[in-house]
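Some notes on the structure that comes next.
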Amino acid sequence: MVIGLVFAITIQAQATTVSEIQENINRDQNALEGLNDEILGLQDEQDILEEEISDLDAELLNTMAAIGLLEDEIAEKEADIATTQAQYEEAKRIEEEQYEAMVLRIQFMYEQGEEDYLSTLFSAGSFSELLNQASYIEAIYEYDRNMLLEYQATKDLVKALWDQLELDKASLQADKDSMDEQKVYLDGLLARKKEESSNYDALIARARQEASVLKTKIKQEQAELKKLQEAERRRNAANGTYTVSNANVSDIINNASGSDLGKQIARYGCQYIGNPYVSGGTSLTNGADCSGFTYRIFSDFGYSIPRTSYQQRSAGTEVAYANAQPGDIICYEGHVALYIGGGYIVHASTAKTGIKLGKATYRQILSVRRII
């Protein structure tokens with residue numbers, strides 16, 4: 001997992017203007033917001049991971065419990081197998097004894113010979129006794145045969161039970177082996193998840209530390225900004241102009257009455273605050289004079305207005321200053337500016353101050369022209 005949390009958080013070279021410091025603050029605040037988003041994202045991912053770890057812990061406990069039950073069942077089967085094996089051996093012994101006894105009786109009969117067998121029969125004093133003698137001999141053989149069959153059946157039944165117990169034990173052992181493999185897998189997976197959670201702890205801690213550094217840096221920059229703004233306010237108060245921080249420009253424009261297009265034009269002009277004043281210039285970045293500044297702004301929005309401040313005083317339609325809206329041109333003697341709302345203008349002032357914000361009423365207003 002690769003998470004982009006490495007920021008080169010260092011204090012920049014000492015800024016010398018309000019716009020430079022505000023730019024640094026905006027950049028650092030964006031970086032701080034990005035870090036906070038990263039922290040929230042990491043915490044969400046870690047929460048999911050912790051949920052997975054809890055599920056794995058529960059699954060591991062269930063698996064271990066199942067293994068314990070299987071071990072108990074296997075032990076019971078082994079005990080049953082031992083008992084059944086003893087029963088089988090006993091049944092086999094009795095069967096063999098019965099078989100040996102029958103063999104001995106048959107052997108005795110044949111050793112006596114057929115004549116002795118017949119003499120035993122004909123030694124009877126009467127026909128009834130003869131039948132009894134024959135029935136007795138037949139009963140002995142029938143008993144031997146039935147007993148042998150019974151013992152054989154018992155032995156076979158016990159052997160079948162023994163075989164089934166062995167199969168049951170093998171099945172239980174296979175289940176236990178599978179559970180053992182599952183436990184090994186769960187142990188490994190749980191260890192990896194816990195390691196990932198530890199990594200998240202480290203990443204979150206690092207991001208929080210970086211955020212703390214950024215917060216400290218922003219506070220320092222804001223303190224420096226406040227000093228510069230106060231110094232600039234005092235200077236502007238001395239020459240009758242006023243400035244506001246870039247942080248307030250958007251509020252000034254958004255809160256003013258007027259069209260969306262006029263506000264777009266006002267925002268567009270304000271983004272060049274701090275750029276140089278160049279007499280005869282029309283570049284918003286490399287330098288423009290007052291009318292070159294307004295000329296280029298309206299040109300970039302597809303509007304063609306005269307190039308000089310004197311000619312622009314007749315462009316568009318005139319409106320009263322009380323009804324001025326963002327995007328109107330404020331005309332002074334030999335000078336023009338772009339109105340942004342709230343009583344403020346942005347204009348290419350002088351070579352010393354460049355493009356800056358100011359109060360619209362810092363000089364006498366000759367006309368307000370609406371181009372759009």
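A simple rule links phi to the HN-Hα coupling: the Karplus curve 6.51 cos²θ - 1.76 cosθ + 1.60 with θ = phi - 60°, which for region 176-182 gives 5, 4, 5, 5, 4, 5, 4 Hz, with x for Gly and Pro. Surface composition of region 266-344: carbon and sulfur make up 45 percent of the accessible area, probe 1.4 Å. Note on E142 and A202: the extension gain reaches 12.7 nm, defined as 0.36 nm multiplied by sequence separation minus the Cα-Cα distance. When all protein chains stay in place and ligands, DNA and RNA are ignored, the 1.4 Å accessible-area order of M64, M147, M179, largest first, is M64, M179, M147. In this rough spin-label picture, where each label sits 7 Å from Cα along the Cβ direction, the E318-L40 distance is 5.3 nm.
In straight-distance terms, cross-link reach from K193 covers every one of the aspartates and glutamates whose alpha-carbon lies under 19 Å from its own, apart from those fewer than eight places away in the same chain; here that gives D44, E45, D47, E50, E51, E52, D55, D57, E59, E181, D201.
Shown in residue order for region 257-263 are the 3J(HN,Hα) couplings computed by the Karplus curve 6.51 cos²θ - 1.76 cosθ + 1.60 at θ = phi - 60°: 7, x, 7, 4, 5, x, 5 Hz (x for Gly and Pro).
So if R0 is 56 Å, what FRET efficiency would S250 and D187 give, r being the distance between their Cβ atoms, rounded to the nearest 0.05?
Values: r = 57 Å, r/R0 = 1.02.
For S250 and D187, the calculated efficiency is 0.45.
Ligands, DNA and RNA aside, I204 has an accessible area near 10 Å² when probed at 1.4 Å.
Straight Cα distances below 18 angstrom link K194 to the lysines K183, with same-chain residues fewer than 8 positions distant left out.
Looking at region 269-337, the accessible area is 44 square angstrom per residue; that uses a 1.4 Å probe and ignores ligands, DNA and RNA.
What is the extension gain from K194 to T17, computed as 0.36 nm multiplied by their sequence separation minus the C-alpha to C-alpha distance, in nm to one decimal? Mind dumping the intermediate values first?
On the way: separation 177, 0.36 × 177 = 63.72 nm, distance 5.01 nm.
Stretched fully, the K194-T17 segment lengthens by 58.7 nm.
Would you list, by chain and number, the lysines whose Cα falls below 27 Å from the Cα of K359, excluding same-chain residues fewer than 8 positions away? Qualifying lysines at Cα under 27 Å: K226, K227, K263.
The amide H of S367, built 1.01 Å from its N in the peptide plane, has C331 as neighbours under 5 Å, considering only residues 5 or more places off or on other chains.
Ligands, DNA and RNA aside, T216 has an accessible area near 70 Å² when probed at 1.4 Å.
Sequence-ordered 3J(HN,Hα) estimates for region 159-166 from the Karplus curve with 6.51, -1.76 and 1.60 and θ = phi - 60° stand at 5, 5, 5, 4, 4, 5, 5, 4 Hz, glycine and proline given as x.
The values are calculated or read from the model by the stated rules, or taken from the named source; none is laboratory data. Note that the coordinates shown come from a computational prediction; the quantities given were computed from them, not determined experimentally. Heads up, the Cβs are rebuilt from the backbone with ideal geometry, glycines too, and the neighbour counts pull from every protein chain shown. To get the accessible areas, we keep the full protein, side chains included, count just its heavy atoms, and leave off ligands, DNA and RNA. Shrake-Rupley method; radii C 1.70, N 1.55, O 1.52, S 1.80 Å.
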